[in-house]
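A quick write-up on the structure given underneath.
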Amino acid sequence: MQNWFTSGFPTLRVEWQTMENPDLRMSMGMTSNQNCILVSRIAPASPEFHVLKPYDVIHNFDGIAIPNDGTVLFTHGERIGFSHLVSQKYTGDNVTVKVLRDSKIIEVDIKLATRKQLILVNIKAPSYYIVGFVFTAVSLPFLNGHTILSITYL
């Protein structure tokens, strides 16, 4: 049931990689007929952080099998990234995800949430104050070292 008081689209805040390489699948303890994707990172502030772990292998998302290339059937034989399945849900929906962890297939339940930004993602020109120190807003470009610094001498 949709919660009408929430807004935005839900996201699954995980980074994943395809499992098309047979050696990678074998190293994760999979059989040749199993299909899935590998979880490489989970966002720490997300609901998924408490139920998924790095190196979990996702086999199934809410009843739909996930192939090794991470795509699912879209329309008329076309395929699309499995994150499309998440976009078809509502914020607050619970989904069941089957994962391979420690050579066992388990089911985990995840409550989907919208992405909450803890810091600014895109800032064009940072505003700053100089009072012996420089104060500026924290942003992803700033943290990644891609800020434009201009110093004016008086």
Requested in this report: Calculate one ³J(HN,Hα) per residue across the stretch 48-65 by plugging θ = phi - 60° into the Karplus curve 6.51 cos²θ - 1.76 cosθ + 1.60, and present them in order as whole Hz with x for glycine and proline.
Outcome: 5, 4, 8, 10, 9, 10, x, 6, 5, 10, 7, 9, 8, 10, 6, x, 10, 5
Requested in this report: Report the local net charge at Tyr90: Lys and Arg +1, Asp and Glu -1, summed over other residues whose C-beta lies under 14 Å from its C-beta.
Outcome: 0
**Report entry** Interchain or long-range residues, amide H under 5 Å from Asn68's placed H
**Finding:** Cys36
Query raised in the report: In whole Hz, what ³J(HN,Hα) sequence does the stretch 87-103 give by Karplus (6.51, -1.76, 1.60; θ = phi - 60°), x for Gly and Pro?
Result: 5, 7, 9, 9, 4, x, 5, 9, 10, 9, 10, 8, 10, 9, 9, 6, 6
Query raised in the report: Considering amide H positions built from the backbone, and no H for Pro or chain starts, which residues 5 or more places from Trp16, or on another chain, come under 5 Å of its amide H?
Result: Ser40
Query raised in the report: Long-range amide H contacts for Asp56: which residues qualify at under 5 Å (H placed 1.01 Å from N, peptide plane, sequence gap of 5 or more or a different chain)?
Result: Val39
Requested in this report: Could you please state, rounded to a whole Å, how far the C-alpha centre of the stretch 26-68 is from the C-alpha centre of the stretch 72-105?
Outcome: 10 Å
Query raised in the report: Ordered by residue, what ³J(HN,Hα) values in Hz, to whole numbers, does the stretch 27-41 give under the Karplus form 6.51 cos²θ - 1.76 cosθ + 1.60, where θ = phi - 60° and Gly and Pro are x?
Result: 5, 8, x, 8, 8, 5, 9, 8, 10, 4, 10, 9, 7, 9, 7
Query raised in the report: Size of the dipole of the stretch 3-96 about the Cα centre, Lys and Arg at +1 and Asp and Glu at -1 on the beta carbon, nothing else charged, in debye to 20?
Result: 140 debye
Query raised in the report: Can you list the aspartates and glutamates whose alpha carbon is less than 18 Å from that of Lys89, not counting same-chain residues fewer than 8 positions off?
Result: Glu48, Asp62, Asp109
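Computed from the coordinates by the stated procedures, all read-outs in this text should not be read as laboratory data. Everything numeric here is computed off the predicted structure, so don't read it as measured data. Cβ atoms come from the backbone with ideal geometry, glycine included; neighbour counts cover every protein chain shown.
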